[in-house]
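Colleague: Mind looking over this structure? Questions follow.
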Amino acid sequence: MLPAPMRIAEGLRSETLTAALEEALRGKTERLYQQLGLASGLPGNRVNMTLAQGFATESAGHGKSADKLILAMATLSPDVAPGATDKEFLPMCGVLALGVRASREASLRKKAVGLLHDLADDPRFRVREVVPMALARIGEPLGDELVADVASWMDGFFQATAVLLALSDNAWLSATNDVEAITARLDEAYDLIRKAPRSASRWPGFKALVEALSTAPAAIATRHGVPVFDRLAAWTNTEMPELRTAIETNLKSGKLKGRYQAEIERVRNALEGSKAPPRDPTQIIQGMRGRGKKRSRR
């Protein structure tokens, strides 16, 4: 399950952590890394996102003096901060802090977006999952400009997933107006799945992007309305079960009911009308055995 979208969080409430952060800003990171690891909730199923967001807010509040620390944490390698350990929490905190800093510091945005692109397909799934949250924070001040910039992300499964999930976050979505650019990103994600080789259906990135396509259009439609439904209707011209299920899942979103009921019915009718025709019943002879089965000998 993906973490909740990143919101403005309070800073660190622990005096021990605050002191450790001050120490880390002076170049001594050992105590900060230890304290964050102890409070991370890892290894385990419940990562401490409240702490991660609090760290992001607190560290970014130090401005440029925190950039070296934030960048170092965000780029800790899997060898140094392995997945499924408490050390994985460190790059998660760094990525979230990078999003907050880049949302406030224009000179950092290009570098931050480049790093997030690379981290979007990090082998550690928890690191991947915070990339959309950081990207959405950067999208808040950039709006349509970032929608155009992430066009280069749409050729990779995990990168395209990050874009769709970030655009689903109201922080970025509410700052967008260029519906043509947004629907272009949706079409690019759809085409990436549609044109993928059959073997790709087993890849984690393929599955992640299908899941994003099952929810992101509905979220984006709450702001941009009919043009998004136009894309969903156009997408029904496919036999791929993954894509057809993704379209249907969007139509079930509670966010769209009422206001867009007519549009939901329009897409649902298109989906129904594009079903592959059943085998000709006149060619089915009652009593015939299934194809490929041999008659038993008496």
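Nothing in this text is a laboratory measurement; each read-out follows from the coordinates by a stated rule. As the structure is a computational prediction, the values presented were derived from the model and not from experiment. As a convention, Cβ positions derive from the backbone with ideal geometry for all residues, glycine included, and neighbour counts pool all protein chains shown.
Colleague: So what is the 222 nm mean residue ellipticity for the chain from helices alone, if each DSSP H run of at least 4 adds -39500 (n - 2.57) and you divide by all residues, rounding to the nearest 500 deg cm²/dmol? Mind dumping the intermediate values first?
Modeller: Numbers: 16 runs with 175 residues, N = 298.
That calculation yields -17500 deg cm²/dmol at 222 nm.
Colleague: Which aspartates and glutamates, if any, have their Cα less than 13 Å from the Cα of residue 252, not counting same-chain residues under 8 positions apart?
Modeller: The qualifying aspartates and glutamates are 263, 265.
Colleague: Based on Cβ point charges of +1 for Lys and Arg and -1 for Asp and Glu, what charge dipole magnitude is obtained for the chain about its Cα centre, in debye rounded to the nearest 20?
Modeller: Working: 42 positive and 35 negative charges, 400 e Å.
Computed about the Cα centre, the dipole is about 1920 debye.
Colleague: On average over all directions, what projected area in square nanometres does the range 146-274 have, based on the convex hull of its Cα atoms?
Modeller: Details: hull surface 28.3 nm².
For the Cα atoms of the range 146-274, the hull's average projected area reads 7.1 nm².
Colleague: With a Förster radius of 45 Å, plug the Cβ-Cβ distance of residue 79 and residue 262 into 1/(1 + (r/R0)^6) and report the FRET value to the nearest 0.05.
Modeller: Between residue 79 and residue 262 the formula returns 0.25.
Colleague: May I ask you to list the GluC sites (Glu not before Pro) in the range 205-264 that are in a DSSP loop and have at most 13 other Cβ atoms within 10 Å of their Cβ?
Modeller: On the way: sites: 211, 239, 242, 248, 263; in loops: 239.
Sparse-neighbourhood loop GluC sites (Glu not before Pro): 239.
Colleague: Would you please classify the overall shape of the range 1-142 from the alpha carbon gyration tensor, given that a ≥ b ≥ c denote the square roots of the eigenvalues, rounded means a/c under 1.5, and beyond that prolate means a/b larger than b/c while oblate covers the rest? Intermediate values should be presented prior to the final figure.
Modeller: Working: a/c = 1.39, a/b = 1.08, b/c = 1.28.
It comes out rounded by the Cα gyration axes.
Colleague: Within 14 Å, Cβ to Cβ, of residue 20, how many net charges do the neighbouring residues add up to if Lys/Arg are +1 and Asp/Glu are -1?
Modeller: Details: positive: 13, 26, 28, 31; negative: 15, 22, 23, 30, 58.
Net charge around residue 20: -1.
Colleague: Cα-Cα over 19 Å: which of 68/110; 28/110; 111/207; 195/255? Write out the running numbers ahead of the final one.
Modeller: Working: 68/110 16 Å; 28/110 28 Å; 111/207 28 Å; 195/255 30 Å.
Long pairs (Cα-Cα over 19 Å): 28/110; 111/207; 195/255.
Colleague: Another question, then. With mean projected area of the Cα convex hull in nm² as the read-out, I listed (i) 14.7; (ii) 16.4; (iii) 20.9; which label goes with the value calculated from this structure?
Modeller: The value computed from this structure is option (iii).
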